[in-house]
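Read the structure below first, then the notes.
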Amino acid sequence: MADLSLPQAVTLPNYFSQGDLALPAQILDSKDVPSALSAALNSTLHRERWKYSKTAPVLEGLASTMNLPTIIGSEQAGVQISQAPQQNLSFGFDLSQAPEAFARLCYAQEAVFIHVDKALDAPLEIHHAGSTVPVLLSLGANAEATLLENFTGNLQPQNTLWISLAEGSHLKHSRNSLEAAHLHWQYLAVDIGKNANYLLNNHAAGAGLRRQDIHIRVSGQGANAELISAAMISGKLALDQQVTLEHFVANGKSKQVVHNIVADGGKCTFNGRIHIHEGANGTDATLANKNLGLGKNATINTKPELEIYTDDVTCAHGATIGQLSDQELFYLTSRGISPESAQALLSEGFLRQCTQGPLAEAALPILINAIKQEQGA
């Protein structure tokens, strides 16, 4: 198998030389950014994560032109926006999880840094039109915020977001990735500090390929992470979701509930990994991925994983792939509902269970319309 490579040479952005951000351990060990990235790109772990998607198109687009995202709500008291970090921060950079994301950060040579130091009265909104420069969002101790993200662009957009939550902070994060694109790659990394809380409501539709890489680190005691996701993939479109949730310390909690519908010709891949490190006693982590196949040509790949290196933990994970219940369909059709409408209603109910948060109202009509089109309702 040929080695993977980046499209051009990589150099660290200037703000890393200021000592404000912690470099990935792999770079610190090797002191050679290109070599560290090359090793990570060609590692067995990285190749396994890209088993169902082609890596080359994403790598080729890493150095492409990047726009500034549109940010709404930044004028609020307690919000600071800059092009360099204003304090020492840990964003959990990890080349083993997504070397292409760190390369993207390097190619940009600039980023948008957003810092929140109090409870905000209104949401922060980030609109990504096409490929955007990396965004690094940090919440100070006991700060609270709601973050809304929307993605548009129908060619090959790439978007990266790092989040750092200090002790006692709370972030409610909702994002809609619903516009069809030829290739859409998203990377999200979240580092959760002591007694901090993070909730992600994720809504997605298929694209030529939509790839969502999510890396959540529960790095402070008593921290809590929750991921609720709903997606509809149809019309020969694809969605590849790669989620890694790591527990580093004791008494952390995490919950993942992911519902995906895949219709005729669509392809969905979900790989959810819970990694509980040594010393993370008292961890409570659950993962449930449910997939509904409609028609005869839906392709669904699902792989929930547990990697545990400590005792005294409570963990559960599972995945299901199924079709609509004949009994429920019969119940609805026997009451005068057409078979197409009955299938659409049941599919809608399945997605509604995981369509939540402030962007749910915008996401639901799009997801439901896709279901109705598939069912001819």
Looking at Glu179, Glu226, Glu246, can you tell me which residue is in contact with a strand residue (DSSP E or B) (Cβ under 9 Å, 6 or more places away or on another chain), surrounded by fewer than 23 Cβ atoms within 10 Å (Cβ to Cβ) and part of a strand (DSSP E or B)?
Glu226
Go through Ala98, Ala129 for me and flag whichever is touching a residue at least 40 places away in the same chain (Cβ under 8 Å) and either over 22 Å from the mean Cα position of the chain (by Cα) or within 29 Å of Gly220 (Cβ to Cβ) (or both).
Ala98
Looking at the stretch 205-223, which of its residues are within 30 Å of Asp312 (Cβ to Cβ) and part of a strand (DSSP E or B)?
Ile214, His215, Ile216, Arg217, Val218
Check on Glu125, among the acidic types (Asp, Glu) and part of a strand (DSSP E or B)
yes
Residue identified as closer than 30 Å to Thr299 by Cβ, of a type in the set (D, E, K, R) and surrounded by 13 or more Cβ atoms within 10 Å (Cβ to Cβ) among Glu60, Glu48:
Glu60
Any residue in the stretch 41-61 that is touching a helix residue (DSSP H, G or I) at 6+ places or on another chain (Cβ under 8 Å), in contact (Cβ under 8 Å) with a residue 24 or more places away in the chain, aliphatic (A, V, I, L, M) and closer than 30 Å to Ala166 by Cβ?
no
Could you tell me how many of the residues in the stretch 140-176 are part of a strand (DSSP E or B) and surrounded by fewer than 22 Cβ atoms within 10 Å (Cβ to Cβ)?
7
Return a yes/no flag: does the stretch 73-83 have any residue that is of a type outside the set (Gly, Ala, Ser), over 13 Å from Gln158 (Cα atoms) and touching a Gly at 6+ places or on another chain (Cβ under 8 Å).
yes
Inspect all residues belonging to the stretch 7-14 and state whether any of them is modelled with pLDDT under 85, more than 22 Å from the chain's Cα centre (by Cα) and within 22 Å of Leu89 (Cβ to Cβ).
yes
Tell me, please, whether a residue that is modelled with pLDDT of 95 or more and part of a loop (DSSP other than H, G, I, E, B) can be found in the stretch 252-265.
yes
For the stretch 278-287, what are the residues that are closer than 25 Å to Gln212 by Cα and surrounded by 17 or more Cβ atoms within 10 Å (Cβ to Cβ)?
Ala285, Leu287
Residues satisfying the stated conditions in the stretch 311-356, i.e. closer than 29 Å to Leu148 by Cα and in a loop (DSSP other than H, G, I, E, B)
Gln353, Cys354, Thr355, Gln356
What number of residues within the stretch 80-114 are among the β-branched types (Val, Ile, Thr) and surrounded by 20 or more Cβ atoms within 10 Å (Cβ to Cβ)?
2
Name the pairs: first residue in the stretch 289-309 and within 21 Å of Cys354 (Cβ to Cβ), second residue of a type in the set (Phe, Trp, Tyr) and modelled with pLDDT of 95 or more, Cβ to Cβ under 6 Å, at least 6 apart or on different chains?
Asn289/Phe270; Thr302/Phe270
For the structure I just gave you, tell me whether Thr152 is at pLDDT below 95, under 16 Å from Glu125 (Cα atoms) and of a type in the set (S, T, N, Q).
yes
Within the stretch 105-126, residues touching a strand residue (DSSP E or B) at 6+ places or on another chain (Cβ under 6 Å), in contact (Cβ under 8 Å) with a residue 40 or more places away in the chain and under 12 Å from Trp162 (Cα atoms) come out as Ala111, Val112, Ile114
Being under 23 Å from Gln221 (Cβ atoms), surrounded by fewer than 23 Cβ atoms within 10 Å (Cβ to Cβ), of a type in the set (Asp, Glu) and out of contact with any helix residue (DSSP H, G or I) (no Cβ under 6 Å at 6 or more places or on another chain) narrows it down to one of Asp117, Asp121, Asp191, so name that one.
Asp117
Leu292 vs (1) over 19 Å from Ile321 (Cβ atoms); (2) among the aliphatic types (A, V, I, L, M); (3) in contact with a strand residue (DSSP E or B) (Cβ under 8 Å, 6 or more places away or on another chain): all pass except (1)
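The values are calculated or read from the model by the stated rules, or taken from the named source; none is laboratory data. Predicted model, so just to flag it, every value in this text is computed and none were measured. So basically every Cβ, Gly included, is an ideal-geometry build from the backbone, and we count neighbours across all protein chains shown.
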